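**Q** Have a look at this one before I ask anything.
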Amino acid sequence: MNKRVVITGMGAVTSLGLGADKLWQSIRNGRSGISRIERIDVSDFPTQVAAEIKEFDPSQFIEKKEAKRMDRFSQYAAVATQMALEDSGIGIASIDALRTGIIIGSGIGGLETLEHQHQVLLEKGADRVSPFMIPMMLPNMAAGMIAIKYGIKGFVECVVTACASSSNAVGDAYKIIQRGAADVMLAGGTEAPISRLAMAGFCASKTMTTNLDAAAACKPFDAERDGFVMGEGAGVLILEELNHALGRGADIIAEVVGYGCTNDAYHITAPSPGGEGAVQCMQLALADAGLNAGDIQYINAHGTSTGLNDKTETAAIKAVFGSHAYQLAVSSTKSMTGHLLGAAGAVEAIITAYSLREGFLPPTINYKHSDPECDLNYVPNQGKSAQITHSLTNSFGFGGCNAALVLKAYQ
């Protein structure tokens with residue numbers, strides 16, 4: 001018999017604040033974390049806004065010497081993990097290290113380190129390149145360093161599936177506990193892509209907004225959307241087997257009940273026509289949860305604010321849910337957080353868990369102009385209270401990667 005898996009702690013580092021609670025309060029209030037980029041010079045780029053974390057001092061959480069040997073993406077993950085563990089109240093040292101694991105996804109890893117060390121090579125020579133360059137840039141190093149810090153010796157892995165990375169991480173962790181191979185999993189994602197190299201690459205692909213008005217730049221499902229807004233940060237969830245959580249008197253936030261994972265096998269960046277892969281992914285997640293389409297009340301959409309994604313995701317939702325699609329609430333919280341790439345799914349799973357717990361539908365802000373190809377209820381501009389028991393959250397990534405999670409209000 002499959003084990004039940006619950007969420008007992010959550011931690012987030014985003015442009016909306018440090019901590020999952022600050023993230024959620026900003027989402028409830030429809031506050032945007034998007035601003036003009038300050039950390040790097042973007043004056044020569046068509047895109048000059050992002051969901052940049054303005055005030056982050058790793059030394060408040062991590063010993064200074066250790067922090068210097070960590071890329072920013074690992075720092076974000078370490079802090080989000082610490083917050084999630086504190087939120088869960090779990091005594092990590094007192095549980096079975098071999099039945100505890102970590103899956104932290106990252107689409108890009110330590111690109112900031114790579115960019116900086118390449119500059120050192122060009123300007124100062126090979127002998128000045130840091131001996132820590134390789135471990136700092138490896139995508140799995142966030143999970144590895146967390147394992148070292150807390151003595152976690154079970155499944156410690158990194159998922160790299162572009163923008164689906166951390167939804168896959170949460171889904172894979174859920175499956176590990178469900179089949180009885182672990183009691184506790186730390187799952188999520190982290191990303192620090194606001195560097196000149198990453199910005200140049202995405203600008204060259206013409207997928208990011210060129211709107212210089214930061215407050216209005218990200219407008220998912222709006223007819224005047226013109227591209228996504230980069231975000232950065234991390235989200236980590238503590239997943240536990242239900243009896244393990246009950247045995248220690250844990251405060252249960254929500255339950256993970258379904259997971260779907262597919263690939264379009266179509267194109268390196270564009271979704272398959274009609275969203276075929278997304279359709280199959282959502283169907284698999286519903287089947288895994290043992291639910292019918294009519295059981296879902298809310299979808300936290302991938303909703304990137306790009307022309308192709310939003311209309312394709314809308315078509316996929318209608319294909320899966322039929323007439324019920326028009327009864328659903330569908331919102332894109334990327335309108336406030338920006339697109340955190342490999343960390344997006346975990347941050348959105350946190351938001352979805354809060355929405356179930358508090359009975360509140362997050363808004364899609366900046367929605368002003370209707371698009372005939374995007375004709376669902378996107379909870380425009382202002383969130384609202386609602387009775388919801390089951391929610392779905394989508395993540396789609398380059399390479400045709402699709403992941404969907406079904407969360408349930410805990411009873």
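The values are calculated or read from the model by the stated rules, or taken from the named source; none is laboratory data. In this text, all values refer to a predicted model and were calculated from it rather than measured experimentally. Cβ sites come from the backbone with ideal geometry, for glycine too, and all protein chains shown count toward neighbours. With ligands, DNA and RNA removed, areas are computed over all heavy atoms of the protein, side chains included. Shrake-Rupley method; radii C 1.70, N 1.55, O 1.52, S 1.80 Å.
**Q** Take the residue pairs K54/K175; K22/K408; K65/K124; K206/K318; K68/K206 and return only those whose Cα atoms are more than 30 Å apart.
**A** Among K54/K175; K22/K408; K65/K124; K206/K318; K68/K206, the Cα-Cα distance tops 30 Å for K54/K175; K68/K206.
**Q** In whole Hz, with x marking every Gly and Pro, tabulate ³J(HN,Hα) for region 207-223 from phi via Karplus 6.51 cos²θ - 1.76 cosθ + 1.60, θ = phi - 60°.
**A** 3J(HN,Hα) across region 207-223, in whole Hz: 9, 9, 4, 10, 6, 8, 7, 4, 5, 10, 5, 9, 9, x, 6, 6, 4.
**Q** Skipping prolines and chain starts, which residues have an amide H placed within reach, meaning under 5 Å, of the one on G109, given they are 5 or more residues away or on another chain?
**A** Amide H neighbours of G109, under 5 Å, 5+ apart: A192.
**Q** If you don't mind, there's one more thing I want to ask. Using only DSSP helix segments of four residues or longer, with each worth -39500 (n - 2.57), what per-residue ellipticity at 222 nm results for the chain after dividing by its residue count and rounding to 500?
**A** Estimated from H runs of four or more residues: -10000 deg cm²/dmol.
**Q** Taking just the alpha-carbon atoms of region 224-295, what radius of gyration and Dmax come out, in angstrom?
**A** 17.5, 51
**Q** A further question follows. Kindly report the accessible area of the chain per residue (heavy atoms of protein chains, probe 1.4 Å, no ligands, DNA or RNA), in Å².
**A** Per residue, the chain has an accessible area of 38 Å².
**Q** Below 11 angstrom from the Cβ of V49, what's the summed charge of the other residues (Lys, Arg +1; Asp, Glu -1)? Walk me through the numbers before you get to the answer.
**A** On the way: positive: R36; negative: E38, E52, D213.
Here the charged neighbours net out to -2.
**Q** Now a separate question. Mind checking which of A386, A164, A12 has the largest fluctuation in a GNM of the chain, springs on alpha carbons under 10 Å?
**A** Ranking A386, A164, A12 by mean-square fluctuation puts A386 first.
**Q** Among Q382, A77, N292, which residue has its Cα positioned farthest towards the positive end of the charge dipole of the chain, with +1 placed on the Cβ of Lys and Arg, -1 on the Cβ of Asp and Glu, and the dipole taken about the Cα centre?
**A** My answer, from the dipole projection, is A77.
**Q** Once you've got the GNM for the chain with C-alpha springs shorter than 10 Å, pick whichever of R99, R39, R31 has the biggest mean-square fluctuation.
**A** Top of the fluctuation ranking is R39.
**Q** If you don't mind, another one. If you take all C-alpha pairs in region 181-313, what percent of them are over 18 Å apart?
**A** Counting every Cα pair in region 181-313, those more than 18 Å apart make up 70 percent.
**Q** Can you list the HN-Hα couplings for region 306-311, worked out from phi with the Karplus curve (6.51, -1.76, 1.60; θ = phi - 60°), rounded to whole Hz and with x for Gly and Pro?
**A** Listing the rounded values in order: 9, x, 6, 4, 5, 6 Hz.
**Q** Kirkwood hydrodynamic radius (Cα pairs, Å) of region 269-411? Let's see the in-between values first.
**A** Values: mean 1/r = 0.0673 Å⁻¹.
For region 269-411, the Kirkwood estimate is 14.9 Å.
**Q** In addition: Give me the percent of the accessible area of region 263-338 that comes from carbon and sulfur atoms, probe 1.4 Å, all protein chains in place.
**A** Here it works out to 52 percent.
**Q** Looking at the chain, what % of its DSSP beta bridges pair antiparallel, to the nearest 5? The partial results should precede the final answer.
**A** Working: 42 of 60 bridges.
About 70 percent, rounded to the nearest 5.
**Q** Accessible area of region 1-153 with a 1.4 Å probe: how many percent of it is carbon plus sulfur?
**A** 52 percent
**Q** Might you report the magnitude of the Cβ-based charge dipole of the chain about its Cα centre, with Lys and Arg at +1 and Asp and Glu at -1, to the nearest 20 debye?
**A** Computed charge dipole of the chain: roughly 440 debye.
**Q** Something else about it: Of the residues G171, G275, G189, which exhibits the maximal mean-square fluctuation in a Gaussian network model of the chain defined by a 10 Å Cα contact cut-off?
**A** Checking each option, the largest mean-square fluctuation is seen for G275.
**Q** Please work out how much accessible surface F132 shows to a 1.4 Å probe, ignoring ligands, DNA and RNA, in Å² rounded to 10.
**A** So the heavy atoms of F132 present about 80 Å² to solvent.
**Q** Tally Lys and Arg at +1 and Asp and Glu at -1 over the other residues with C-beta under 12 Å from the C-beta of S88: what net charge comes out?
**A** Net local charge, S88 excluded: -3.
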